[in-house]
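Report on the structure given below.
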Amino acid sequence: MKKLTVFLAMMLAVVMICSANSTFFALTTITVDGYTYTETMLQTGTLMGWDNSSDTLSVPEKVGYIYITAIGDHSFNGDDFIKHLDLSNANRMYHLGEYAFANSVLEGELVVPTRVIYIGISAFENCDGLTAVSYSSDGGKVSPQCFMGCDNLAAVTLSSSITEIQQYAFANCPFLTEITIPASVTTIDETAIS
């Protein structure tokens, strides 16, 4: 009986510790100045939404006291309002999540700055209005299906930090006639550009 009591006391302690930690590390969703983000840690956050007050989403360096370091997975997937994405002021952002802008109405040229080191799978898939991409990311690769199905994409420029173009990265882009691939690219998947 004593062993059972000790065992139950230990299990209760473990449950209490786990519960306290999950509460301590829980993400908080906050909206400030029209930007919705989750606060992660050390005064950083992930952009999860926006109030569509303009057709240009200008991602700021910080909202309130929180530095924006990422755009979350699926955050703007299917958005039918944002036409332009401006990352020029997002000086601490390094991560664009999977399907972040997939199936949205982005149009014109997209400039991905050097400091963005990760762009998720299908981040811009089926963005039919994109016509040009300047991909300066230091991430080293173009992720699978990143720009797949961008029907009007005609020109792509990749920086010399890119070493790999993964599966279906630019597949089903019928008007893609100009792509600058630097000598640094050592691997191009056979399905990357089709």
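The values are calculated or read from the model by the stated rules, or taken from the named source; none is laboratory data. Note that the coordinates shown come from a computational prediction; the quantities given were computed from them, not determined experimentally. Reconstructed Cβ throughout: ideal geometry from the backbone, glycine too, with neighbour counts over all protein chains shown. Surface areas here come from the heavy atoms of the whole protein model, side chains and all, with no ligands, DNA or RNA. Shrake-Rupley method; radii C 1.70, N 1.55, O 1.52, S 1.80 Å.
Brief remarks on what is shown
- In region 115-138, the count of residues that are over 21 Å from ALA192 (Cβ atoms) and within 15 Å of the chain's Cα centre (by Cα) is one or more.
- Matching residues in region 94-118 - criterion: being among the β-branched types (Val, Ile, Thr) and modelled with pLDDT of 95 or more: VAL105, VAL111
- Applying the criterion of being hydroxyl-bearing (Ser, Thr, Tyr) and surrounded by fewer than 16 Cβ atoms within 10 Å (Cβ to Cβ) to the residues of region 158-190, the residue that is modelled with the lowest pLDDT is SER160.
- Inter-residue pairs, beta-carbon under 7 Å, first at positive phi and in region 48-63, second open to solvent by 60 Å² or more (accessible area, probe 1.4 Å) and part of a loop (DSSP other than H, G, I, E, B), 6+ apart: ASN52/PHE81
- Any hit, region 63-79, residues being at pLDDT 95 or above and surrounded by fewer than 14 Cβ atoms within 10 Å (Cβ to Cβ): yes
- Inclusion of LYS83 among residues that are closer than 16 Å to ASP128 by Cβ and buried (at least 16 other Cβ atoms within 10 Å of the Cβ) is warranted.
- Residue satisfying all of: in region 86-113; under 14 Å from the mean Cα position of the chain (by Cα) and β-branched (Val, Ile, Thr); least open to solvent (accessible area, probe 1.4 Å) among these: VAL112
- Filter result (in contact (Cβ under 8 Å) with a residue 24 or more places away in the chain, open to solvent by 10 Å² or more (accessible area, probe 1.4 Å) and within 23 Å of HIS84 (Cβ to Cβ)) within region 139-157: GLN145, MET148, ASP151, ASN152, ALA154, ALA155, THR157
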